[in-house]
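One structure is given here, and the rest of the page talks about it.
The values are calculated or read from the model by the stated rules, or taken from the named source; none is laboratory data. Note that the structure is predicted; figures quoted are calculated from it, not measured. Don't worry about glycine lacking a Cβ; one is built from the backbone with ideal geometry, like all the others, and counts go over all protein chains shown.
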């Protein structure tokens, strides 16, 4: 049986993240699991943290069991560029602020590592989109996205004129700052900020969300996951570009168009918690879950779930991938003892 190996991706600009990486290395080493790190991150990490250094290429995660991420959503999106081509699952610990895509918080770091060591995690697929820029019948560029592909104006001074099509049928045209084509996973990212709907990640759909459109009808659209969304840019309009997950930029030629469709391969996310997406939504945004008449008896909206110890700090999955044996009381901080490391 070959040795288990994990690719560690770290936001090395933070001291607490570097310290967490050193702790993780010790726990994985005691369990006989090797760590590989990226070339550009290795100089900022203790040498005892890793056994192998690899370049940040599409082959970085090949052969690894897992990509373990220490950082926020930005670090996870960077790690996704390595995990996606190798079809290796990712598990992220939130060391940033919101961390909507991350799986756990730093206060349960040891328990999360224990779940990985003991194979007590489940893997879910998250839809990605295939993005192609074309001019006439000729493909100019191609990329992909986990959250969204945003067609944006290159110059801030002028609005961007676009024509929207769904499945090769025109729907609308207007001037705007841009148009977002998002996945359900990306519905809580840029699309959410632009006024799009929140979509549960296990829903199969594509979202089209205009940004600051100058039009009477420029509502967000939710289409079939098998649809093709097209944003066409006129030759005499403002220059435009594609931003994929805010990380990969593609210039759109004058008179070109962008086709967005479901990609063949999803991103695989490893989960160690049994919390639902609704739990995460409430915890991350501090949503009020009691009736308004109860507010005078409590701290007020946003304090009902003790967000300092939210759903990402409790309720680990069991060995069969199911929910925990006993769910914690929503009205009290979690008292469940962590499983501890098996050594």
For this session: With the checklist (1) farther than 24 Å from residue 154 by Cβ; (2) out of contact with any helix residue (DSSP H, G or I) (no Cβ under 9 Å at 6 or more places or on another chain); (3) crowded, with 20+ Cβ neighbours inside 10 Å in hand, flag the one item residue 224 doesn't pass.
Result: (3)
Problem set entry | Complete set of residues in the stretch 234-245 that are more than 15 Å from residue 134 (Cα to Cα), assigned to a loop (DSSP other than H, G, I, E, B) and in contact with a strand residue (DSSP E or B) (Cβ under 8 Å, 6 or more places away or on another chain) | 237, 238, 245
Exercise. Mind checking which residues of the stretch 245-280 are under 18 Å from residue 148 (Cβ atoms) and in contact with a helix residue (DSSP H, G or I) (Cβ under 7 Å, 6 or more places away or on another chain)?
Worked result: 245, 247, 265, 267
Exercise. Within the bounds of the stretch 128-137, is there any residue that is at pLDDT below 95, surrounded by 24 or more Cβ atoms within 10 Å (Cβ to Cβ), outside any strand (DSSP E or B) and at negative phi?
Worked result: no
